[in-house]
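The values are calculated or read from the model by the stated rules, or taken from the named source; none is laboratory data. Just so you know, these numbers come straight off a predicted model, no measurement behind them. FYI the Cβ positions are ideal-geometry reconstructions off the backbone, even for glycines, and counts take in every protein chain you see.
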Amino acid sequence: MTLLAVRGLVKYFGGVAAVAGVDFDVAAGEVVALIGPNGAGKTTCFNMVGGQLVPDAGTIHFDGHEIAGRQARAIWRLGIGRTFQIATTFASMTVLENLQIALLSHRRRLADPVSSIKSLEIAAARDLLAQVGMTDRAERQAAELAYGELKRLELAVALAGEPRLLLLDEPTAGLGKSERGVLMSLIDRVVQTRRVAVLFIEHDMDVVFGHAGRVIVLDRGRVLIEGAPDVVRNDERVKDIYLGRGAVVAC
Amino acid sequence: MGFYVVQFLTGLAGAASLFLVACGLSLVFGVTRVVNFAHGSFYMLGAFVAYSLTKWWGAGLGFWAALVASSVIVGALGAAIEVLLLRRLYRSPELYQLVATFGVLLVVQDAALALWGPDNLLGPRAPGLSGSVALFGQRVPQYDLFLIVLGPTVLLLLTLLLTRTRWGRLVRAATEDRDMAAALGVNQRHLFTGVFFLGSLLAALGGALQLPRAPATLFMDLNIIAEAFVVVVVGGMGSIFGAFLAAVLIAELHAFGILIFPQVTIVLVFVVMAVVLVVRPWGLLGRPEDARHRTPTEIATPLGVPRCLVVIGLIAVAAVLMAWPAMAGDYGLKLATEVLVFALFAASLNFILGVGGMISFGHAAYLGLGAYGAALLVSRLGWPMEAGLVVAPLAAGFGALLFGWFCVRLSGVYLAMLSLAFAQIAWSVAFQWYDVTGGDNGIQGVWPSAWATSPLVYYYLALAVVAAALFGLHRVASSPFGYALRAARDSSLLSEAIGIDVKQVRWFGFALAGAAAGMAGGLYAFLKGNVSPTVMAIPVSIDGLVMVLLGGVQTVVGPLLGAATLVGLKTEIASATNVWRGVLGALIIGLALLFPRGIVGHLGRWHRGGRP
Ligand SMILES: Nc1ncnc2c1ncn2[C@@H]1O[C@H](COP(=O)(O)OP(=O)(O)O)[C@@H](O)[C@H]1O
Ligand SMILES: [Mg+2]
């Protein structure tokens, strides 16, 4: 079943088309990698699906709803969670508070100005924390976390809304080899247990071909090719944009 | 018909100075990212220095020479201040920069008072242009025509400077992307100092040009800075042409508003500003902030003071407050009550600042709305004090809902400027709506109910109300709503991405803080027995910020300590010297330089072994 259907997506920045007519689908429970050289328009696509940017043209259907141009918070309530290319958390709060706030928002309990947050949603927050293997970091302030931990916390926050689609913008960027493995197996586990679909942007080809069921290649704002990892891996044009133009492959 | 044309020309002439000041402010901000409060001081000094030079050189060609000389002198002064002070603050949070430049403003005010005295200075007629020209059967001063030509000429010259010269291109590069300019190897120090020189020069020229039209006064600095903020917010930060357009717009509103009903101009300015900000939050010709370059709000890390220490501190403070009456006479009690009132005011400001991350530079508006709300009810309608104290937070809360709706659409220094502009509007209404507010004289006879007239009882009443309000604010800050506010402060991007309506949360937070400040205002009215417009003047807003800074953002005891320190200091300084403003200004500057995190914040850092 198609969960997300993107058609004719376009976004201009000052006359230049960062995304110039992109179509793709993501099925329920599917794991799809979005790859392409820097500046191809991957993050811009995410921002339009996530509601951070308003598309200049095109439609985005998610689970029967047209979401193009809707507010980010409305899109999140429909069941799309996301992380950012530069890991973003609530820096002044503890790890646990980061999760509590996301859970409280999901349950629409943030308008409450009298209860103390100390005891709210603790069990669920600890449960999420356990899922990303950070139980021992609960009381740490997010600003003090190592980058790898930050990425995991971000993932846990995204999961708090019980999404059916996760958008992960370069989940392993800035991580060491072993940390990448840890994070990706975490994501694999989440996919299995929650049956959530994942669309992720990734530069590390080992990660892409090890975890994605399908790969979409974006180049200069357009879909160059999409298909099974093997097909994409052996495509001349893909080799060309990655090797020929000397773009960054693994950073 | 002719009459309206002439009125239009008068407006255009008025726009010239405003444009000069606003575009200087905008230029300086574009490059240094500092909103310079002292910019208004340069405007004032420009007029004062030109006045003295004209006296000295004689009114003939002396005036024109004085115009130029005064601009250059004040420009050099601006450059000196950049080198000595601001350069050290470029990496500090916006709040500290704003407050430090306000310190400069205070020092300049007292220096000007000492040098030129308190009287208004009547400038000379402009030599050669003192006559008038007949237009459509009306008489238009020649000097106005000169100003009308001057505005666009300066605009043209600046545009040429910025587009055709190497220096100008560097300025634009630095305005658009500081990091890139640094990477290009631009000598930032010289560039910054140069821009400061130019900006201050423009402000001074603006001030000096006003001399033939209006007397130079010691209030010029604050009046013009509030107007310049409006112009810059409406025109769009960083856009020189936008500043010109907005200056013309505002000046025309004044020129024509006066025809209908003098008081209506303030409302007109408010309406225009509101409309522009709703349609184009980044101003008429400004560009929307590029989300990728937005600097996250400074994260103030909560204090690592252990709980037991906090509890001991609170008990100690409570003990002092309870025992105070035994130690103090009536005067001491009144002083202590004032400290309590300002502690609540500072705490409410601390709430939007620390928890909400919104820099309000016009928080006194809500103190004032509360005070006026209570005073009007009691003195005009004859209601008792108790009703006044209930109405105070409501009145201020509604005011904050109205102004806040616009403020929360902006962030950082834009929000600071807008909040200040709103406060100035509230002040003007109180000042000018004579029939209702009593104008400058204010409202007298705002006394407490019979049972609370003794200073002792009123002290305990204030203590109870303030304690309850502080507890309430603290409670909200640790509630889900308070955390939503914190979330919006830490990252509005992520907040929206997890379903938080950032604007709405900020709006309610703003209103709540306004209501709390209004509560303080109500208490203040009955403490003093009268209310006057000064309660919501800019200096009071700044006092609140200084208290918060003294106490450290994000601490509970902080506002109380800050209020006690500032009220105490002011009383001490004011009784010892009549240049208390200058001393206070110097103190503020020193404070911002030495403790960029507030005093209590620094204690917290030492406690944690120097970790940031
Ligand atoms: N907010 C923005 N304003 C202007 N240009 C942007 C903005 N976001 C992205 N771009 C530009 O759009 C193009 C695509 O960017 P992006 O989607 O981030 O690429 P990718 O994620 O594939 O590396 C780039 O040229 C980038 O500079
Ligand atoms: Mg990207």
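For this structure, a couple of remarks:
- Restricted to region A:155-174, and to residues there that are part of a loop (DSSP other than H, G, I, E, B) and away from ligand 2 (no atom under 16 Å from the Cβ), the residue that is farthest from A:Q100 (Cα to Cα) is A:R164.
- Region A:61-119 - residue that is in contact (Cβ under 8 Å) with a residue 24 or more places away in the chain and within 16 Å of ligand 2 (Cβ to nearest atom) and, of those, farthest from A:L155 (Cα to Cα): A:Q85
- Annotation: B:R506 fulfils all but one of (1) at pLDDT 95 or above; (2) crowded, with 23+ Cβ neighbours inside 10 Å; (3) facing chain A (nearest Cβ under 7 Å); the unmet one is (3).
- Checked against the criterion of being of a type outside the set (F, W, Y), assigned by TED's automatic domain parsing to the domain that holds B:F526 and in contact (Cβ under 8 Å) with a residue 60 or more places away in the chain, the candidates B:L470, B:L494, B:L402, B:L415 yield just one match: B:L470.
- Only one of A:V196, A:V217, A:V191 that is assigned by TED's automatic domain parsing to the domain that holds A:V26, in contact with a Gly (Cβ under 9 Å, 6 or more places away or on another chain) and surrounded by fewer than 22 Cβ atoms within 10 Å (Cβ to Cβ): A:V191
- Selection within region A:138-175 - among the β-branched types (V, I, T) and within 11 Å of chain B (Cβ to nearest Cβ): A:V157
- Summed over region A:30-60, residues that are within 16 Å of ligand 2 (Cβ to nearest atom) and closer than 17 Å to A:I75 by Cα total 10.
- Screening region B:428-499 for helices (runs of 4 or more DSSP H) wholly inside it with 1 or more residues that are under 18 Å from A:Q100 (Cβ atoms) returns the ranges B:455-477, B:480-490, B:492-497.
- Which numbered condition A:I75 fails, given (1) more than 9 Å from every other protein chain (Cβ to nearest Cβ); (2) closer than 17 Å to A:P163 by Cβ; (3) β-branched (V, I, T): (1)
- Residues of region A:175-220 satisfying the condition of being charged (D, E, K, R), within 29 Å of A:D23 (Cβ to Cβ) and more than 16 Å from ligand 2 (Cβ to nearest atom): A:D188, A:R194, A:R195, A:D206, A:R214
- Test for A:A138: is it touching a residue at least 40 places away in the same chain (Cβ under 8 Å) and within 16 Å of ligand 1 (Cβ to nearest atom): no
- Checking A:E139, A:E144, A:E170 one by one, the residue that is charged (D, E, K, R), over 16 Å from the mean Cα position of the chain (by Cα) and farther than 30 Å from B:L512 by Cα is A:E144 and no other.
- Residue in region A:157-175 that is away from ligand 1 (no atom under 16 Å from the Cβ), at pLDDT below 90 and not hydroxyl-bearing (S, T, Y) present: yes
- For region B:126-141, a residue qualifies if it is surrounded by fewer than 15 Cβ atoms within 10 Å (Cβ to Cβ) and either closer than 26 Å to B:W64 by Cβ or of a type in the set (D, E, K, R) (or both), and the qualifying residues are B:G128, B:S130, B:G131, B:S132, B:V133, B:A134, B:L135, B:R139.
- B:L545, sole failed condition from (1) over 23 Å from the mean Cα position of the chain (by Cα); (2) over 26 Å from A:G81 (Cβ atoms): (1)
- Search result, residues across region A:16-56 that are within 14 Å of chain B (Cβ to nearest Cβ), small (G, A, S) and more than 10 Å from ligand 1 (Cβ to nearest atom): A:G50, A:G51
- Check on A:G64, assigned by TED's automatic domain parsing to the domain that holds A:I201, on the phi > 0 side of the Ramachandran plot and either surrounded by 17 or more Cβ atoms within 10 Å (Cβ to Cβ) or within 16 Å of ligand 1 (Cβ to nearest atom) (or both): no
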